[in-house]
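**Q** Dropping a structure here in C-alpha cells format, bear with me for questions.
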Ligand code: BES
Ligand code: ZN
C-alpha cells in the first residue's frame, strides 16, 4: 500500500528534512522590524526554490509588505490549501538565549531531542511538516494524492496588513475545498489536537500627555498632574477584584459555554496546577469561578502588554514626566465586535482621565474570534491521521491565541479551515530559546502524509 511506503520514506528522510528546516531557520525573517525586510524576502525565495524543486509551480508574490508564497501542485482529487507563516517574532531579550537564535541546533534534553532556534515551532518547523509530507508522496508515487495549493504568509507576526487585500485579489486562485492551517499545538505531549475555536484580538496603544515638558518633581510635585499617575489609575481599573473587565458592554455579546462543550472540555482532564506551575505560578488569576480552559479558550481578556514613561534608565531621576504610554490588548470571543469594543474602550479611558491629561490612541489591529465547522469531512480524516501518530486519540480543543487568517478564509473565500499543529506548551514561542520537539516534526510530517492520503480516499 502506498501510504506505508510514503511513511517509511518520511522516516528514512528525517535527517535530511531536519537539515532543510535548519537552513530555513538560519534566515532571520523578523517581519515587524524593517531592518530584516531583505531577510523576509530571502525566506520567501528559499521556500519558492524548495517547492519548485518538488515540482510545484511556485512564486513569491510582492505585497506592500513582505511577499506571499503561493504554489500549486498535484493534480486530481480534492483541492486543499495549506497555510503557514514564514515570518518570526523578534528575538529580544537576546541575552536570555543560550545560543544565537538564528544558528539553530539539535539539542538533547531530558524530554528528548529538540530543534532550537527562533521560528522552530512558530511557524517554520510546522509549515515544513507539510512540505516534507508532500516530498515523501512525490518521491514514493511521483505525484500528490490531492490537488495542493500552498500559501505561506510573511506578515503573520506583525498583524497581517497585506493579507485581506491579497485574499481578495487572488480569491479564485486560493479558494480550495478546505484550508489546512498548521500554526497551533498539541493538547498535551501525548494528545494531538484539532482546534475548533480561536480567540480574536484587539490591540490598542495609549499615549497620555500632561505638562508641556518634563518637570522637576521637587518644584512641581504636589501641584502638577502626573500623566503616569493618571494612566496607571485608569489601567488599574480595567479589572475588578474578581478579574471581571470593567469596560461597559464588554460582556454583552459573550455567550456562556454550552453544556456539551463544557463536558467535552472537562473530559480532557486539563492539569491547571501543572500548566501554571511550569511557568512559576501557583494559582489562576482570571475571572473568579471559571475553569482554567474557559479562561484561556472561551472567555475574553484584557491585558496590559507594556507600559512606559518618565525615567527608566540607570540610577534615579526626580522627574515628573510629560507623557505616559501603554499597550493594551484584548482577546475576544465569539459574538464580540472588535470595532465596537475599541470605541467603548477609548470612551471609557477618556472619561476616566482627569483634567490636564490629553489622550491619543494608536490602532494595533482588530480581528474577531473564529469558529470552525467540524462537519467538514476533512475533520474526521485529520482526527484519524493524528490519532494514528500520537499515543492518545486526537482531541477537539479551543485555542486562546489568534490566527485571523482562519476567519478570513471563511469570510472572504467561503472556505472552511481545519487547524492542526504539533507545538508543545513548553516550546517558548515568542520567547527566548524557542524550540520544536524533533518528535513533533517527525510525527507532524507523518500526520500530514496520512491526511493527504485520507483526503484522496
Ligand atoms: N502561532 C501563533 C498562534 C498561537 C498562539 C497558537 C498560541 C497556539 C498557541 C501565532 O503565530 C500568533 O502568535 N498569533 C498572534 C496573532 C496576532 C499577532 C494577530 C497572537 O495570537 O498573538
Ligand atoms: Zn504562529
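Where a number appears in this text, it was derived from the coordinates with a stated rule and is not lab data. Quick caveat: nothing in here was measured; it's all calculated off a predicted structure.
**Q** Relative to the longest principal axis of the chain, what angle (0 to 90°, nearest 10) does the C-alpha long axis of helix 438-456 take?
**A** Tilt relative to the chain: about 60 degrees.
**Q** Let me ask something else about it. Below 8 Å between Cα atoms, with a sequence gap of 6+, how large is the relative contact order for the range 198-301 in percent?
**A** About 28 percent, as a whole number.
**Q** Another one. On a C-alpha basis, how far is the centre of the range 117-186 from the centre of the range 411-454 in Å? Whole number, if you could?
**A** 11
**Q** For the range 38-143, what does the alpha-carbon gyration tensor say about shape, rounded, prolate or oblate, given a ≥ b ≥ c as the root eigenvalues, a/c under 1.5 as rounded, and a/b over b/c as prolate?
**A** oblate
**Q** Okay, moving on. Measure nothing fancy, just the Cα-based angle from helix 378-389's long axis to the longest principal axis of the chain, in degrees from 0 to 90, nearest 10.
**A** So the inclination is approximately 80 degrees.
**Q** Just to confirm the number: angle between the C-alpha axis of helix 338-352 and the first principal axis of the chain, 0 to 90 degrees, nearest 10?
**A** Long axis of 338-352 versus the principal axis of the chain: about 20 degrees.
**Q** Expressed as a whole number of Å, what is the distance separating the alpha-carbon centroids of the range 1-47 and the range 220-247?
**A** 46
**Q** Need the C-alpha centroid separation for the range 376-408 versus the range 254-307, integer Å.
**A** Cα centres, the range 376-408 to the range 254-307: 20 Å.
**Q** Report, please, the projected area of the chain averaged over directions, based on the convex hull of its C-alpha atoms, in nm². Working shown, then result.
**A** Details: hull surface 92.7 nm².
With the hull built on Cα positions only, its mean projection is 23.2 nm².
**Q** In the calculated pair distance distribution of the range 306-447, what percentage of Cα-Cα distances lie above 23 Å?
**A** Across the range 306-447, Cα pairs with separations above 23 Å total 59 percent.
**Q** Give me the compactness ratio for the range 157-262, meaning the Cα radius of gyration over 2.2 N^0.38 Å. Present the calculation step by step, with values, prior to reporting the outcome.
**A** Numbers: Rg = 23.1 Å, N = 106, 2.2 N^0.38 = 12.9 Å.
My calculation over the Cα atoms of the range 157-262 gives 1.79.
**Q** Right, here's the next one. Give me the percent of DSSP beta bridges within the chain that run antiparallel, rounded to the nearest 5.
**A** Antiparallel bridges: around 70 percent, rounded to the nearest 5.
**Q** Now for a different question. For the range 299-457, calculate the relative contact order in percent as a whole number, restricting contacts to Cα pairs under 8 Å that are 6 or more residues apart.
**A** 18
**Q** For the range 335-391, what mean projected area does the convex hull of the alpha carbons give, in nm²?
**A** Average projection, Cα convex hull of the range 335-391: 7.3 nm².
**Q** A follow-up question, please. Return a whole-number percent for the relative contact order of the chain, with Cα pairs under 8 Å and 6 or more residues apart as the contact set.
**A** 26
**Q** From the C-alpha coordinates alone, can you work out the Kirkwood hydrodynamic radius of the range 398-443, in Å? Could the numbers behind the result be given before it?
**A** Values: mean 1/r = 0.0784 Å⁻¹.
One over the average 1/r among Cα pairs gives 12.8 Å for the range 398-443.
**Q** Kirkwood Rh over Cα pairs of the range 110-169 into Stokes-Einstein at 37 °C, 0.692 mPa s: D in µm²/s?
**A** Roughly 230 µm²/s, to the nearest whole number.
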